[in-house]
1. Distance cut-off 22 Å, Cα to Cα: go down the list LYS42/LYS99; LYS40/LYS99; LYS56/LYS78; LYS50/LYS88; LYS9/LYS88 and report the pairs above it.
2. Any chance you could check the Cα centroid distance between the stretch 62-78 and the stretch 6-38 for me, in angstrom?
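We did not get these values from a lab; they are worked out from the coordinates using the rules stated. Everything numeric in this text was worked out from a predicted model, so none of it was measured.
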Amino acid sequence: MRHRRNTTKLKRTAAHRRSLLANLACSLIEHGCIRTTLAKAKALRPVAEKMIGLGKRGDLHARRQAVAFLRQKDIAKKLFDEVAPLSKDRPGGYCRITKLGARMTDSAAMAIIEWVDQPAETEAVDTEAAAAAEPVVAEEAPAAEETAPAKKKATKNAKEEVAEAE
């Protein structure tokens, strides 16, 4: 009987499941939002929330526990320096799971898992970069048109000079 065994197995061995959850947690910390199956998102939520709990504690032992689970020092540093301080006033519920529907290929239920307290700076930076890129492309196009007729005039003058020299 599975009394009080609330771990979702995900049809994997214990080592494979631990590695999968560690990789998903690293991706969530790095990107802030990931798209995965609903079962994996539901299995990831408790792990991710424990990582935020470690990040909020912030002591040396918590850092070592996070690095031991995640196995990536740069991701653990980002967890403690950027992600966890955003949730310092929140008592729990750091992740949000949004259902997307079935995947086209195998009809698996898909979901997006993301942090509730995401930094809004990344969205603003992406919007500003996209807006800045558009005028640059628009300004380059007329400049190319203006230089093309000038080249034709230069070639006509060169032909006339060659004709006069003969």
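1. Flagged as over cut-off: LYS9/LYS88.
2. 15
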